[in-house]
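Q: Before we start, here is the structure in question, set down as structure tokens.
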Ligand SMILES: [Zn+2]
């Protein structure tokens with residue numbers, strides 16, 4: 001996970017953008033690794049999934065005083081500040097998955113997520129209380145499936161075929177990147 005415990009919470013005004021993966025499940029985008037959260041087409045509100053208990057995520061008995069995400073916990077919607085390059089090594093804080101896999105047979109889709117509300121910003125990524133799907137990526141080597149195009153339209157997410165273009169047009173802004181590099 002890109003953000004460990006103990007990262008300083010930085011209040012952010014407005015929306016913050018970042019990169020992440022989703023799983024294409026039927027006609028929905030879901031969180032691929034935690035909690036099997038189904039993303040709605042509009043705003044998504046994070047809840048604390050607590051800790052992994054046997055094979056399932058167990059809710060915390062007590063909600064966080066300050067809300068979700070809590071710095072000491074791992075809740076909230078995750079995003080990375082840097083997009084990995086296709087064919088290159090993973091950037092720091094990136095999930096070790098190459099964007100060339102996006103939209104392919106493993107049903108994982110890479111894209112841009114917009115976070116808002118309470119945000120915890122770390123050096124490599126953020127966790128946010130609110131999130132929505134902003135853009136999806138399908139590499140130029142692959143023809144996007146009808147299903148994926150339909151789902152992208154349903155979510156109001158533009159489909160990019162050019163990773164640098166998506167990074168430049170939809171990636172985190174300079175202010176976010178500056179804040180992320182503040183010494184904790
Ligand atoms: Zn939590």
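The values are calculated or read from the model by the stated rules, or taken from the named source; none is laboratory data. All values reported here derive from a predicted model rather than from experimental measurement. Here the Cβ is made from the backbone with ideal geometry for all residues, glycine too, and neighbour counts use every protein chain on show.
Q: Is it the case that some residue within the stretch 88-110 is outside any strand (DSSP E or B), surrounded by 20 or more Cβ atoms within 10 Å (Cβ to Cβ), within 16 Å of the ligand (Cβ to nearest atom) and modelled with pLDDT under 95?
A: No - not one qualifying residue is present in the stretch 88-110.
Q: Hey, can you tell me all the residues within the stretch 16-44 that are on the phi < 0 side of the Ramachandran plot and assigned to a loop (DSSP other than H, G, I, E, B)? Give the derivation first.
A: Applying the first criterion (on the phi < 0 side of the Ramachandran plot) to the stretch 16-44 yields 16-25, 27-34, 37-44.
Scanning the stretch 16-44 gives 27, 31, 32, 33, 34, 37, 39, 40, 41, 42, 43.
Q: Now a separate question. Go through the stretch 1-36 and count every residue that is touching a strand residue (DSSP E or B) at 6+ places or on another chain (Cβ under 7 Å), farther than 16 Å from residue 102 by Cβ and modelled with pLDDT of 85 or more.
A: The total comes to 4.
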